[in-house]
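This report concerns only the one structure given below.
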Amino acid sequence: MFDLTRSYFNDIKEREIAPGASITEEGQCLIYTNLDTTGQMSVSPSGGNSNEIVAGFAITDALKILTEVAVESFTIPVVSPYTAQTKNANITAVGVSPTVNAPYMYDNTTGPPALTYVAGVPGAGQYNITTAGAITFNAAQAGHSVTITYRYNLTAQQTLDKFHARSVNNFAQDYFSTVSVGALEGEIFTSMFDTNQAYSLLTPIYSGASGLLTAAAGGTLIGFVSALPTDSSLATAVNSQVGVSNFLGVKFRLPY
């Protein structure tokens, strides 16, 4: 998903979706795959490989928004139980960490490294989280300020409530196996990034697995971080750009 009020693309083209490929969400990073029989270049989601030729980003419709990213901050209680609760449930990649789209927990009080997920009772520097968003910390983190970045699955009703259904003209990827691709050069504010990574301003961004952007080197370099996802509860009426979204800003420039 994009924040279209702030994102822009230097070029937008309709591309064939490669046979067997599926564009599951708006904003996925797409790569050129092969020429079809008519000489048209087809696209598929990036895989995080160094030899990928990035085509751009999928511009689809609201019903292709299946997940959202949330950033939340907590102050851990100073007495037991050392727990917190996220605002959202259905959190992705819980129980297998570190992995793509697993939650990322940072201790603002002590600084790096990030807290480590464990399946059982957490020790110092560790935490546990359930898919329902119940978080348990160790007494060593009592009173600390922490920030979690996580991805969660939207229900069909949540998608409709948040983004509404669009006209039949926006379903080209379903009816005609094509997708609009935002390309060449621009800046995007996107939710399609790997939540299980630390991001810093002006650092490189690469194509990653499942059409996600990532700070981890290995895929194709596409640009740099121009804005960080923030806790939306920090938004103020004075500055509407402070903490208003959980999007990652990326200034990109593609060679083709």
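What residue, among those in the range 201-256 that are among the aromatic types (Phe, Trp, Tyr) and either at pLDDT below 95 or under 22 Å from Ser145 (Cβ atoms) (or both), is surrounded by the fewest Cβ atoms within 10 Å (Cβ to Cβ)?
Step by step, filter the range 201-256, then rank; the result is Tyr256.
For the range 16-45, what are the residues that are of a type outside the set (A, V, I, L, M), within 17 Å of Gly186 (Cβ to Cβ) and at pLDDT 90 or above?
Gly27, Gln28, Cys29
Conditions (1) touching a Ser or Thr at 6+ places or on another chain (Cβ under 8 Å); (2) modelled with pLDDT under 90, marked per residue:
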{"position": "Leu4", "(1), (2)": "no, yes"}
{"position": "Ile53", "(1), (2)": "yes, no"}
{"position": "Ala58", "(1), (2)": "yes, no"}
{"position": "Thr83", "(1), (2)": "yes, no"}
{"position": "Thr86", "(1), (2)": "no, no"}
{"position": "Asn90", "(1), (2)": "yes, no"}
{"position": "Pro103", "(1), (2)": "yes, no"}
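Assuming Glu16 fulfils every condition listed in (1) surrounded by 13 or more Cβ atoms within 10 Å (Cβ to Cβ); (2) assigned by TED's automatic domain parsing to the domain that holds Ser245; (3) under 23 Å from the mean Cα position of the chain (by Cα) apart from one, which condition is it?
The number of the failed condition is (3).
Considering Ala139, Ala114, Ala124, Ala132, which residue is over 17 Å from the mean Cα position of the chain (by Cα), surrounded by 12 or more Cβ atoms within 10 Å (Cβ to Cβ) and more than 30 Å from Thr24 (Cβ to Cβ)?
Unique residue meeting the criteria: Ala139.
Might you check whether a residue that is of a type outside the set (D, E, K, R), closer than 29 Å to Ala139 by Cβ and assigned to a loop (DSSP other than H, G, I, E, B) occurs anywhere in the range 19-28?
no
Read through the list (1) free of Cβ contacts under 8 Å to residues at least 24 places away in the same chain; (2) in a loop (DSSP other than H, G, I, E, B), then give the number of the only condition that Thr116 fails.
Thr116 satisfies all of (1) free of Cβ contacts under 8 Å to residues at least 24 places away in the same chain; (2) in a loop (DSSP other than H, G, I, E, B) except (2).
The values are calculated or read from the model by the stated rules, or taken from the named source; none is laboratory data. Keep in mind the model is a prediction, meaning the values are calculated, not measured. Heads up, the Cβs are rebuilt from the backbone with ideal geometry, glycines too, and the neighbour counts pull from every protein chain shown.
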